[in-house]
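A.B. asks: Got a structure for you, questions after.
The values are calculated or read from the model by the stated rules, or taken from the named source; none is laboratory data. None of these values were measured; they are calculated from a predicted model. For neighbour counting, all protein chains shown are included, and Cβ atoms are generated from backbone atoms with ideal geometry for every residue, glycine included.
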C-alpha cells in the first residue's frame, strides 16, 4: 500500500522567570524545572529521527509520477536505519524524565496550601500521563519506521516489498498521535497555571516542530 509519511509530534517548553517560597515549593520547582528541561532536549533526537521522512516528502513533492528509483530507495532505507538506531535514545530519554516524578510527588505531598497542592497535582498527573502516552507513541513509531525501512530496502534491492500490517501500524500511531496532542494541551495549561499561581512566573513556549 501507499506509504504515509509521518513527522513525529513533539512538545517543547521554555522555562523563564524566578520565584520564591517555602522549602517544599522551591524543591518542587527545581525538580520540575530539571525534568522539563531534560524533556525539552529530546527534540534534538526527534529531529534526527524525522530527517529521512522530511527528505522523502521533499523528493516526492514535485515528482510527477511519484516513482522512486532504486538509488533513492537505498538512500531512504539507509536514513531510516539511522532513525531506527536513534529511537532507543529517545525512549531512554523519556524514562530519564520519568525518574523525576516520584521526587516531585514527595514534595507535593508536603504542601500545606490545598489550592497550591491541587495545582501541583494537576501538572504532576498531566505530565505523568503525557510521558506514558509519548512513550507508547514512540514505540508505535518504531514499528512504522521498521516497516518503512523494510519497504524501501526491498525497492532498493529490486525485490517486491514484503506484505505487512502497515495500515494497522499507522492507525495505531495516528490514534496515539491524536491522544498525545490532546494530552499535551492539558499539560501545557497545567504547567502555565502552576507557574503563574504558585511561582508567579510566566512561561514562554517554543512552537512545535511538526507541521
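A.B. asks: Can you name the condition, by its number, that residue 140 falls short on among (1) more than 15 Å from the chain's Cα centre (by Cα); (2) at pLDDT 90 or above; (3) assigned to a helix (DSSP H, G or I)?
C.D. replies: Residue 140 satisfies every listed condition except (1).
A.B. asks: Oh, and also: Quick one: residue 145 ticks every box in (1) under 25 Å from residue 92 (Cβ atoms); (2) out of contact with any helix residue (DSSP H, G or I) (no Cβ under 6 Å at 6 or more places or on another chain) bar one, so which box is it?
C.D. replies: (2)
A.B. asks: Picking from 55, 81, which residue would you name as being in a helix (DSSP H, G or I), modelled with pLDDT under 90 and surrounded by 14 or more Cβ atoms within 10 Å (Cβ to Cβ)?
C.D. replies: 55
A.B. asks: Is it fair to say residue 89 is surrounded by fewer than 20 Cβ atoms within 10 Å (Cβ to Cβ) and closer than 23 Å to residue 191 by Cα?
C.D. replies: no
A.B. asks: Inspect all residues belonging to segment 201-208 and state whether any of them is closer than 30 Å to residue 72 by Cβ, touching a residue at least 60 places away in the same chain (Cβ under 8 Å), in contact with a helix residue (DSSP H, G or I) (Cβ under 9 Å, 6 or more places away or on another chain) and surrounded by fewer than 20 Cβ atoms within 10 Å (Cβ to Cβ).
C.D. replies: yes
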